[in-house]
């Protein structure tokens with residue numbers, strides 16, 4: 001089981017896509033390079049050599065799912081940044 005990490009209420013987390021190359025499977029929804037997405041939540045890294053999984057939202061606040069079996073994107077496809085809200 002993997003723990004989900006939700007950003008605290010005082011912080012907004014965003015992901016700018018830096019790699020929109022298609023995966024081996026044909027996705028139902030996909031991301032666009034250069035676009036910035038809001039992060040809903042992310043996972044802990046599974047080990048030191050791997051990144052983490054990021055669940056992102058579209059402009060309407062809906063989750064983007066590449067396929068029914070893939071609900072998140074690899075963090076290495078994004079530059080992640082956060083903004084502290086006052």
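Derivation of every value follows stated rules applied to the coordinates shown; laboratory data play no part. What you see is a predicted model; the values in this text were computed from it and never measured. Methodologically, a virtual Cβ is constructed for each residue, glycine included, from the backbone with ideal geometry; neighbour enumeration extends over all protein chains shown.
A few comments on the model shown:
- Distance between the 7 Å Cα→Cβ label points at residue 25 and residue 70: 0.7 nm.
- Contact order normalised by residue count of the chain, Cα under 8 Å, 6+ apart, percent: 36 percent
- Structure-derived Rg and Dmax of the Cα atoms in Å: which label, when the choices are (i) 12.7, 42; (ii) 12.1, 36; (iii) 35.6, 121: (i)
- Arranged from fewest to most other beta-carbon atoms within 10 Å of their beta carbon, 56, 36, 31 become 36, 31, 56.
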